[in-house]
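Structure first, commentary second.
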Amino acid sequence: MTFSLRVCYASRLEDPLLFVYMGSAALAIQHIRELLRHGAVREADEGSLQPSSLDLSVSGELYRMRGSFLPQPGEKIRDILKRGILFPASLTQPLELNGIYWIRLNELLDLPSGVFGTTNNKSSSGRINLQTRLIANGVPAFDYVPRGYRGELWLEVTPKSFPVRLGYGERLNQMRFFTGNAHLEADELRREYARYGFLRDADGVALPLRKLANQPGISMTLDLTSHDVVGYRCGPTMGRMLDYARRDHDPREFFEPIVRPPDGQFVMRRGEFYILATKEFLRVPREFAAEMLPYDVTMGEFRSHYAGFFDPGWGYGREGETMGTPAVLEVFTHDRDFVLRDGQPVCQMVFERLTAPSEICYGDASLVSNYYRQTGPRLSKHFKIG
(Lines give C-alpha, C1' and ligand atoms only; values in the text may rest on other atoms or scores of the structure.)
Protein backbone atom coordinates (compact mmCIF):
# COMPACT_ATOMS: atom_id res chain seq x y z
CA MET A 1 0.00 0.00 0.00
CA THR A 2 1.33 3.45 -0.90
CA PHE A 3 0.75 6.45 1.32
CA SER A 4 1.24 10.12 0.63
CA LEU A 5 1.41 13.17 2.84
CA ARG A 6 1.00 16.76 1.79
CA VAL A 7 1.51 19.93 3.82
CA CYS A 8 -0.78 22.83 3.01
CA TYR A 9 -2.11 26.01 4.56
CA ALA A 10 -5.69 26.14 5.75
CA SER A 11 -7.99 29.09 5.40
CA ARG A 12 -8.81 29.15 9.12
CA LEU A 13 -6.32 31.34 10.96
CA GLU A 14 -6.68 29.28 14.12
CA ASP A 15 -5.33 26.21 12.26
CA PRO A 16 -2.59 27.53 9.96
CA LEU A 17 -1.14 24.15 9.05
CA LEU A 18 -2.95 20.99 8.01
CA PHE A 19 -1.54 17.60 7.17
CA VAL A 20 -3.49 15.88 4.43
CA TYR A 21 -2.62 12.20 4.73
CA MET A 22 -4.15 9.17 3.07
CA GLY A 23 -3.92 6.70 5.94
CA SER A 24 -2.80 6.46 9.56
CA ALA A 25 0.90 6.53 10.31
CA ALA A 26 3.74 7.94 12.37
CA LEU A 27 5.56 10.91 10.88
CA ALA A 28 9.02 10.32 9.42
CA ILE A 29 11.81 12.84 10.02
CA GLN A 30 11.12 14.83 6.84
CA HIS A 31 7.53 15.46 7.94
CA ILE A 32 8.49 16.29 11.53
CA ARG A 33 10.88 18.82 10.01
CA GLU A 34 7.86 20.40 8.31
CA LEU A 35 6.20 20.77 11.70
CA LEU A 36 9.21 22.74 12.90
CA ARG A 37 9.44 24.83 9.73
CA HIS A 38 5.79 25.91 9.94
CA GLY A 39 5.83 26.66 13.67
CA ALA A 40 3.77 23.68 14.85
CA VAL A 41 6.73 22.93 17.14
CA ARG A 42 8.63 25.94 18.45
CA GLU A 43 11.90 26.32 20.36
CA ALA A 44 13.26 23.17 18.73
CA ASP A 45 16.07 22.84 16.21
CA GLU A 46 17.33 20.38 13.61
CA GLY A 47 19.68 18.84 16.15
CA SER A 48 16.65 17.51 18.03
CA LEU A 49 15.38 15.49 15.07
CA GLN A 50 15.68 11.71 15.01
CA PRO A 51 14.58 9.38 12.16
CA SER A 52 10.95 9.35 13.37
CA SER A 53 10.92 11.32 16.62
CA LEU A 54 11.85 14.64 18.21
CA ASP A 55 14.03 14.95 21.30
CA LEU A 56 12.58 17.21 24.00
CA SER A 57 14.89 19.33 26.17
CA VAL A 58 14.62 20.47 29.79
CA SER A 59 14.58 24.15 30.75
CA GLY A 60 15.87 25.66 33.96
CA GLU A 61 12.39 25.92 35.52
CA LEU A 62 11.75 23.00 37.87
CA TYR A 63 9.95 22.24 41.10
CA ARG A 64 10.02 19.50 43.71
CA MET A 65 6.44 18.26 43.98
CA ARG A 66 4.39 16.85 46.88
CA GLY A 67 3.52 13.88 44.70
CA SER A 68 2.58 12.85 41.20
CA PHE A 69 -0.32 14.79 39.63
CA LEU A 70 -2.34 14.57 36.44
CA PRO A 71 -4.33 17.51 35.09
CA GLN A 72 -8.08 17.20 35.00
CA PRO A 73 -9.75 18.00 31.67
CA GLY A 74 -9.20 21.70 30.97
CA GLU A 75 -6.92 22.22 33.98
CA LYS A 76 -3.69 24.18 33.47
CA ILE A 77 -0.39 22.85 34.75
CA ARG A 78 0.37 26.28 36.23
CA ASP A 79 -2.76 25.94 38.39
CA ILE A 80 -1.59 22.56 39.70
CA LEU A 81 1.79 24.07 40.54
CA LYS A 82 0.15 26.62 42.84
CA ARG A 83 -1.03 23.77 45.07
CA GLY A 84 1.45 21.00 44.46
CA ILE A 85 4.93 22.50 44.88
CA LEU A 86 7.07 21.54 47.85
CA PHE A 87 9.77 24.01 46.83
CA PRO A 88 11.40 25.50 43.70
CA ALA A 89 14.44 23.47 42.64
CA SER A 90 17.56 24.26 40.64
CA LEU A 91 19.71 22.43 38.11
CA THR A 92 22.72 23.39 40.23
CA GLN A 93 21.66 20.63 42.65
CA PRO A 94 21.13 16.95 41.80
CA LEU A 95 17.63 15.51 41.69
CA GLU A 96 17.16 13.49 44.87
CA LEU A 97 16.56 9.75 44.83
CA ASN A 98 12.78 9.10 44.50
CA GLY A 99 12.07 12.83 44.45
CA ILE A 100 9.26 13.85 42.11
CA TYR A 101 10.15 16.90 40.00
CA TRP A 102 8.25 18.81 37.37
CA ILE A 103 10.48 20.41 34.75
CA ARG A 104 9.19 22.70 32.03
CA LEU A 105 10.35 21.68 28.58
CA ASN A 106 11.75 24.25 26.16
CA GLU A 107 9.54 23.12 23.28
CA LEU A 108 6.09 24.61 22.64
CA LEU A 109 3.40 22.98 20.52
CA ASP A 110 0.81 24.35 18.12
CA LEU A 111 -0.18 21.13 16.40
CA PRO A 112 -2.35 20.81 13.30
CA SER A 113 -5.82 19.43 13.89
CA GLY A 114 -4.91 16.09 12.31
CA VAL A 115 -1.74 15.37 14.31
CA PHE A 116 -1.27 14.05 17.85
CA GLY A 117 1.80 12.97 19.80
CA THR A 118 3.07 10.40 22.29
CA THR A 119 6.30 10.32 24.27
CA ASN A 120 8.62 7.99 26.15
CA ASN A 121 12.05 7.92 27.74
CA LYS A 122 15.11 8.11 25.56
CA SER A 123 17.30 5.05 25.89
CA SER A 124 19.98 6.89 27.85
CA SER A 125 17.59 8.11 30.54
CA GLY A 126 15.76 4.77 30.67
CA ARG A 127 18.97 2.82 31.21
CA ILE A 128 19.76 4.74 34.39
CA ASN A 129 16.23 4.27 35.77
CA LEU A 130 15.45 7.97 35.46
CA GLN A 131 11.69 7.82 35.00
CA THR A 132 10.12 10.56 32.88
CA ARG A 133 6.47 11.19 32.04
CA LEU A 134 5.15 13.99 29.89
CA ILE A 135 2.35 16.24 31.17
CA ALA A 136 0.27 18.63 29.05
CA ASN A 137 -2.36 21.22 29.93
CA GLY A 138 -5.81 19.72 30.43
CA VAL A 139 -4.74 16.19 29.43
CA PRO A 140 -5.63 13.58 32.08
CA ALA A 141 -3.03 11.09 30.82
CA PHE A 142 0.74 10.88 30.84
CA ASP A 143 2.85 10.82 27.67
CA TYR A 144 0.13 12.00 25.31
CA VAL A 145 -0.77 15.26 23.55
CA PRO A 146 -4.09 15.35 21.65
CA ARG A 147 -4.73 16.49 18.11
CA GLY A 148 -4.34 20.23 17.69
CA TYR A 149 -2.73 20.73 21.13
CA ARG A 150 -1.32 24.18 21.82
CA GLY A 151 0.80 25.19 24.76
CA GLU A 152 3.56 24.26 27.17
CA LEU A 153 4.89 20.81 27.92
CA TRP A 154 6.18 19.61 31.28
CA LEU A 155 8.08 16.53 32.31
CA GLU A 156 7.67 14.64 35.56
CA VAL A 157 11.13 13.29 36.40
CA THR A 158 11.97 10.82 39.18
CA PRO A 159 15.40 9.23 39.78
CA LYS A 160 14.62 5.69 40.96
CA SER A 161 18.08 4.20 41.52
CA PHE A 162 20.45 7.08 42.42
CA PRO A 163 20.54 10.90 42.46
CA VAL A 164 21.05 12.51 39.04
CA ARG A 165 22.46 15.92 38.16
CA LEU A 166 20.98 17.45 35.01
CA GLY A 167 22.11 20.35 32.86
CA TYR A 168 20.07 22.85 30.89
CA GLY A 169 18.94 21.43 27.56
CA GLU A 170 19.44 17.76 28.41
CA ARG A 171 17.25 15.51 26.31
CA LEU A 172 15.55 12.91 28.47
CA ASN A 173 12.39 12.27 26.50
CA GLN A 174 11.29 11.97 22.88
CA MET A 175 8.03 12.73 21.09
CA ARG A 176 6.53 10.92 18.15
CA PHE A 177 3.79 12.39 15.95
CA PHE A 178 0.89 10.49 14.39
CA THR A 179 -2.02 10.98 12.02
CA GLY A 180 -3.83 7.91 13.39
CA ASN A 181 -3.28 4.37 14.64
CA ALA A 182 -0.06 3.31 12.92
CA HIS A 183 0.16 -0.27 14.24
CA LEU A 184 0.41 -3.00 11.61
CA GLU A 185 -2.65 -5.20 11.79
CA ALA A 186 -2.25 -8.98 11.89
CA ASP A 187 -2.41 -9.64 8.12
CA GLU A 188 -0.13 -6.71 7.30
CA LEU A 189 2.33 -7.76 10.01
CA ARG A 190 2.54 -11.30 8.63
CA ARG A 191 3.11 -10.00 5.12
CA GLU A 192 5.86 -7.54 6.09
CA TYR A 193 7.47 -10.02 8.46
CA ALA A 194 7.78 -12.53 5.61
CA ARG A 195 9.25 -9.81 3.41
CA TYR A 196 11.86 -8.43 5.84
CA GLY A 197 12.42 -10.99 8.59
CA PHE A 198 12.03 -8.54 11.48
CA LEU A 199 13.59 -11.02 13.95
CA ARG A 200 16.84 -12.93 13.33
CA ASP A 201 19.08 -15.23 15.30
CA ALA A 202 22.73 -14.50 16.10
CA ASP A 203 23.74 -15.89 12.69
CA GLY A 204 21.36 -13.61 10.81
CA VAL A 205 18.87 -16.36 9.98
CA ALA A 206 15.25 -15.23 9.91
CA LEU A 207 13.15 -16.62 12.75
CA PRO A 208 9.53 -17.73 12.35
CA LEU A 209 6.91 -15.22 13.38
CA ARG A 210 6.00 -15.86 17.01
CA LYS A 211 2.91 -14.27 18.54
CA LEU A 212 1.24 -15.04 21.83
CA ALA A 213 -2.50 -15.47 21.78
CA ASN A 214 -4.47 -12.23 22.04
CA GLN A 215 -1.29 -10.10 21.98
CA PRO A 216 -0.82 -7.29 19.43
CA GLY A 217 2.90 -7.64 18.77
CA ILE A 218 5.75 -10.02 18.11
CA SER A 219 7.01 -11.92 21.13
CA MET A 220 10.70 -11.53 22.08
CA THR A 221 12.54 -13.59 24.69
CA LEU A 222 15.23 -13.14 27.32
CA ASP A 223 18.88 -14.04 26.72
CA LEU A 224 20.70 -15.46 29.76
CA THR A 225 23.21 -17.73 27.98
CA SER A 226 24.95 -15.93 25.08
CA HIS A 227 27.40 -13.72 27.04
CA ASP A 228 29.66 -14.05 30.06
CA VAL A 229 27.84 -11.04 31.50
CA VAL A 230 24.12 -11.39 30.75
CA GLY A 231 22.97 -8.20 32.48
CA TYR A 232 23.42 -5.63 35.22
CA ARG A 233 21.55 -4.92 38.43
CA CYS A 234 21.20 -1.83 40.59
CA GLY A 235 19.50 -1.52 43.95
CA PRO A 236 18.13 1.74 45.37
CA THR A 237 20.94 3.91 46.84
CA MET A 238 23.54 1.48 45.48
CA GLY A 239 25.07 4.11 43.20
CA ARG A 240 26.63 7.50 43.74
CA MET A 241 25.28 10.69 42.17
CA LEU A 242 25.29 10.45 38.38
CA ASP A 243 26.16 13.54 36.34
CA TYR A 244 24.10 13.28 33.16
CA ALA A 245 26.65 15.26 31.13
CA ARG A 246 29.52 12.89 31.87
CA ARG A 247 30.53 9.93 29.70
CA ASP A 248 33.20 8.46 31.99
CA HIS A 249 31.39 7.20 35.08
CA ASP A 250 32.78 3.95 36.47
CA PRO A 251 29.98 1.40 36.03
CA ARG A 252 31.12 -0.48 39.15
CA GLU A 253 29.99 2.48 41.25
CA PHE A 254 26.40 2.11 40.02
CA PHE A 255 25.78 -1.39 38.68
CA GLU A 256 26.71 -4.94 39.53
CA PRO A 257 27.26 -7.35 36.60
CA ILE A 258 25.15 -10.49 36.40
CA VAL A 259 27.33 -13.37 35.24
CA ARG A 260 25.84 -16.09 33.09
CA PRO A 261 23.85 -18.36 35.45
CA PRO A 262 24.84 -22.03 35.12
CA ASP A 263 21.21 -23.16 35.20
CA GLY A 264 19.95 -20.41 32.87
CA GLN A 265 17.91 -18.57 35.46
CA PHE A 266 18.19 -16.00 38.24
CA VAL A 267 15.94 -14.32 40.78
CA MET A 268 15.03 -10.72 40.08
CA ARG A 269 14.52 -9.00 43.44
CA ARG A 270 11.68 -6.61 44.20
CA GLY A 271 12.74 -2.98 44.04
CA GLU A 272 15.90 -3.61 42.01
CA PHE A 273 16.55 -2.36 38.49
CA TYR A 274 18.02 -4.56 35.75
CA ILE A 275 19.61 -4.15 32.33
CA LEU A 276 19.07 -7.27 30.21
CA ALA A 277 18.89 -8.15 26.51
CA THR A 278 16.75 -10.14 24.10
CA LYS A 279 17.81 -13.40 22.51
CA GLU A 280 16.41 -12.27 19.15
CA PHE A 281 18.06 -9.66 16.90
CA LEU A 282 15.62 -6.95 15.78
CA ARG A 283 15.45 -5.32 12.32
CA VAL A 284 13.43 -2.16 11.61
CA PRO A 285 13.32 -1.18 7.90
CA ARG A 286 13.21 2.49 6.90
CA GLU A 287 9.45 2.59 6.32
CA PHE A 288 8.67 1.42 9.85
CA ALA A 289 9.32 2.20 13.50
CA ALA A 290 8.93 -0.28 16.34
CA GLU A 291 7.71 0.08 19.90
CA MET A 292 8.19 -2.32 22.80
CA LEU A 293 5.07 -2.51 24.91
CA PRO A 294 6.04 -1.56 28.46
CA TYR A 295 4.07 -3.98 30.58
CA ASP A 296 1.97 -7.09 30.16
CA VAL A 297 0.62 -8.83 33.26
CA THR A 298 0.34 -12.12 31.36
CA MET A 299 4.15 -12.25 31.17
CA GLY A 300 4.82 -11.65 34.87
CA GLU A 301 4.73 -8.97 37.53
CA PHE A 302 7.44 -6.76 36.06
CA ARG A 303 7.77 -3.93 33.60
CA SER A 304 9.98 -4.92 30.70
CA HIS A 305 10.91 -1.59 29.16
CA TYR A 306 10.96 2.17 29.70
CA ALA A 307 12.28 3.64 26.47
CA GLY A 308 10.34 1.28 24.26
CA PHE A 309 11.01 2.92 20.90
CA PHE A 310 13.21 1.80 18.00
CA ASP A 311 13.93 4.13 15.09
CA PRO A 312 13.79 3.12 11.43
CA GLY A 313 17.11 1.58 10.48
CA TRP A 314 17.67 -0.09 13.85
CA GLY A 315 19.43 -3.39 13.14
CA TYR A 316 18.62 -2.96 9.44
CA GLY A 317 20.75 -0.16 8.02
CA ARG A 318 19.79 1.89 5.01
CA GLU A 319 19.34 -0.94 2.53
CA GLY A 320 19.01 -4.01 4.73
CA GLU A 321 22.74 -4.63 5.07
CA THR A 322 22.50 -5.32 8.83
CA MET A 323 21.02 -8.59 10.05
CA GLY A 324 19.64 -7.34 13.35
CA THR A 325 20.62 -5.92 16.74
CA PRO A 326 19.43 -7.21 20.14
CA ALA A 327 17.05 -5.02 22.09
CA VAL A 328 18.15 -3.97 25.57
CA LEU A 329 15.55 -4.27 28.31
CA GLU A 330 15.19 -1.98 31.31
CA VAL A 331 13.40 -4.12 33.86
CA PHE A 332 12.11 -3.73 37.39
CA THR A 333 9.81 -5.80 39.56
CA HIS A 334 6.48 -4.49 40.81
CA ASP A 335 5.62 -6.19 44.07
CA ARG A 336 7.39 -9.54 44.38
CA ASP A 337 10.58 -11.41 43.51
CA PHE A 338 10.44 -13.03 40.09
CA VAL A 339 12.48 -15.89 38.60
CA LEU A 340 13.65 -15.08 35.07
CA ARG A 341 14.67 -17.97 32.81
CA ASP A 342 16.56 -18.09 29.56
CA GLY A 343 14.25 -17.96 26.56
CA GLN A 344 11.12 -16.88 28.39
CA PRO A 345 8.90 -14.33 26.62
CA VAL A 346 9.66 -10.95 28.12
CA CYS A 347 8.15 -8.30 25.83
CA GLN A 348 5.97 -7.55 22.83
CA MET A 349 7.28 -5.62 19.83
CA VAL A 350 4.71 -3.67 17.82
CA PHE A 351 5.60 -2.34 14.35
CA GLU A 352 4.22 0.95 13.03
CA ARG A 353 4.07 2.27 9.49
CA LEU A 354 5.60 5.67 8.70
CA THR A 355 4.25 8.39 6.44
CA ALA A 356 7.20 7.64 4.14
CA PRO A 357 10.55 5.84 4.39
CA SER A 358 12.68 7.94 6.70
CA GLU A 359 15.31 10.07 4.98
CA ILE A 360 17.65 9.40 7.91
CA CYS A 361 18.25 6.03 9.54
CA TYR A 362 19.48 5.01 12.96
CA GLY A 363 23.22 4.56 12.65
CA ASP A 364 23.69 7.11 9.82
CA ALA A 365 26.87 9.17 10.12
CA SER A 366 24.79 12.35 10.51
CA LEU A 367 23.33 11.07 13.80
CA VAL A 368 24.81 10.23 17.17
CA SER A 369 23.57 6.64 17.52
CA ASN A 370 24.95 5.48 20.86
CA TYR A 371 23.63 1.92 20.78
CA TYR A 372 23.93 1.05 17.09
CA ARG A 373 26.61 -1.61 17.65
CA GLN A 374 25.32 -3.14 20.88
CA THR A 375 25.55 -6.93 20.90
CA GLY A 376 24.05 -7.71 24.30
CA PRO A 377 23.20 -5.93 27.57
CA ARG A 378 24.68 -2.45 27.31
CA LEU A 379 24.77 0.28 29.94
CA SER A 380 23.94 3.88 29.03
CA LYS A 381 26.32 6.29 27.34
CA HIS A 382 27.24 7.77 30.73
CA PHE A 383 29.59 4.90 31.57
CA LYS A 384 33.07 4.17 30.28
CA ILE A 385 33.44 0.80 28.56
CA GLY A 386 36.29 -1.54 29.42
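The values are calculated or read from the model by the stated rules, or taken from the named source; none is laboratory data. Just so it is clear, the structure is predicted and the values come from calculations on it, not from any experiment. Positions of Cβ are generated from backbone atoms using ideal geometry, with glycine treated the same way; all protein chains shown enter the neighbour counts.
In region 345-386, what residues are part of a loop (DSSP other than H, G, I, E, B), touching a residue at least 12 places away in the same chain (Cβ under 8 Å) and of a type in the set (A, V, I, L, M, F, W, C)?
Of everything in region 345-386, those that are part of a loop (DSSP other than H, G, I, E, B), touching a residue at least 12 places away in the same chain (Cβ under 8 Å) and of a type in the set (A, V, I, L, M, F, W, C) turn out to be A356, I360, C361, L367, L379.
Determine which single condition Y168 fails, assuming it passes every other condition in (1) more than 30 Å from I100 (Cα to Cα); (2) loosely packed, with under 13 Cβ neighbours inside 10 Å.
Unmet for Y168, out of (1) more than 30 Å from I100 (Cα to Cα); (2) loosely packed, with under 13 Cβ neighbours inside 10 Å: (1).
Inspect all residues belonging to region 71-83 and state whether any of them is outside the structural domain of F309 (by TED's automatic domain parsing), over 24 Å from S124 (Cα atoms), at pLDDT below 95 and in a loop (DSSP other than H, G, I, E, B).
Checked region 71-83: at least one residue is outside the structural domain of F309 (by TED's automatic domain parsing), over 24 Å from S124 (Cα atoms), at pLDDT below 95 and in a loop (DSSP other than H, G, I, E, B).
Let's see how each residue does on (1) within 18 Å of the chain's Cα centre (by Cα); (2) in the same structural domain as R127 (by TED's automatic domain parsing); (3) closer than 15 Å to V284 by Cβ:
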| site | (1), (2), (3) |
| --- | --- |
| P345 | no, no, no |
| M349 | yes, no, yes |
| Y362 | yes, no, yes |
| L367 | yes, no, yes |
| Y371 | yes, no, yes |
| Q374 | yes, no, yes |
| P377 | yes, no, no |
| F383 | no, no, no |
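Return the residue satisfying two criteria in turn: it lies in region 128-144 and is of a type outside the set (G, A, S) and assigned to a strand (DSSP E or B), and of such residues it is farthest from K160 (Cα to Cα).
Y144
Give me the residue from region 84-127 that is among the β-branched types (V, I, T) and assigned to a loop (DSSP other than H, G, I, E, B) and, out of that set, farthest from R64 (Cα to Cα).
V115
Pairs under 6 Å by beta carbon, first residue under 22 Å from T355 (Cβ atoms) in region 164-188, partner among the polar types (S, T, N, Q) and in a loop (DSSP other than H, G, I, E, B), six or more apart or different chains?
T179/S24; G180/S24; N181/S24; A182/S24
Specify which of the listed residues (G169, G117, G151) is among the small types (G, A, S) and over 23 Å from G60 (Cβ atoms).
G117
So which residues in region 259-274 are touching a residue at least 40 places away in the same chain (Cβ under 8 Å) and under 20 Å from I385 (Cβ atoms), if there are any at all?
Across region 259-274, the qualifying residues are F273, Y274.
Every residue, every condition in (1) modelled with pLDDT of 95 or more; (2) closer than 21 Å to R341 by Cα, yes or no:
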site	(1), (2)
K211	no, yes
M220	no, yes
D223	yes, yes
P236	no, no
L242	yes, no
R252	no, no
P261	yes, yes
F273	no, yes
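What are the residues in region 105-130 that are surrounded by fewer than 19 Cβ atoms within 10 Å (Cβ to Cβ) and either of a type in the set (D, E) or touching a helix residue (DSSP H, G or I) at 6+ places or on another chain (Cβ under 9 Å) (or both), if any?
Hit for region 105-130 is D110, nothing else.
E192 versus (1) modelled with pLDDT of 95 or more; (2) assigned to a strand (DSSP E or B): which is the lone unmet condition?
Against the list (1) modelled with pLDDT of 95 or more; (2) assigned to a strand (DSSP E or B), E192 comes up short only on (2).
From D250, D243, D223, which residue is surrounded by fewer than 20 Cβ atoms within 10 Å (Cβ to Cβ), in contact (Cβ under 8 Å) with a residue 24 or more places away in the chain and touching a Lys or Arg at 6+ places or on another chain (Cβ under 6 Å)?
It is D243.
Could you tell me which residue of region 175-213 is nearest to S48 (Cα to Cα), considering only residues that are in contact with a helix residue (DSSP H, G or I) (Cβ under 7 Å, 6 or more places away or on another chain) and buried (at least 16 other Cβ atoms within 10 Å of the Cβ)?
If we take residues in region 175-213 being in contact with a helix residue (DSSP H, G or I) (Cβ under 7 Å, 6 or more places away or on another chain) and buried (at least 16 other Cβ atoms within 10 Å of the Cβ), then F177 is nearest to S48 (Cα to Cα).
Taking the condition in contact with a helix residue (DSSP H, G or I) (Cβ under 7 Å, 6 or more places away or on another chain) and in a loop (DSSP other than H, G, I, E, B), does L172 pass?
Against the criterion (in contact with a helix residue (DSSP H, G or I) (Cβ under 7 Å, 6 or more places away or on another chain) and in a loop (DSSP other than H, G, I, E, B)), L172 does not qualify.
Output the number of residues of region 33-61 satisfying the condition of being in a strand (DSSP E or B) and among the acidic types (D, E).
Residues in region 33-61 being in a strand (DSSP E or B) and among the acidic types (D, E): 2 in total.
Given the criteria closer than 23 Å to M292 by Cβ, of a type in the set (S, T, Y), at pLDDT 95 or above and not assigned by TED's automatic domain parsing to the domain that holds A44, does Y144 qualify?
no
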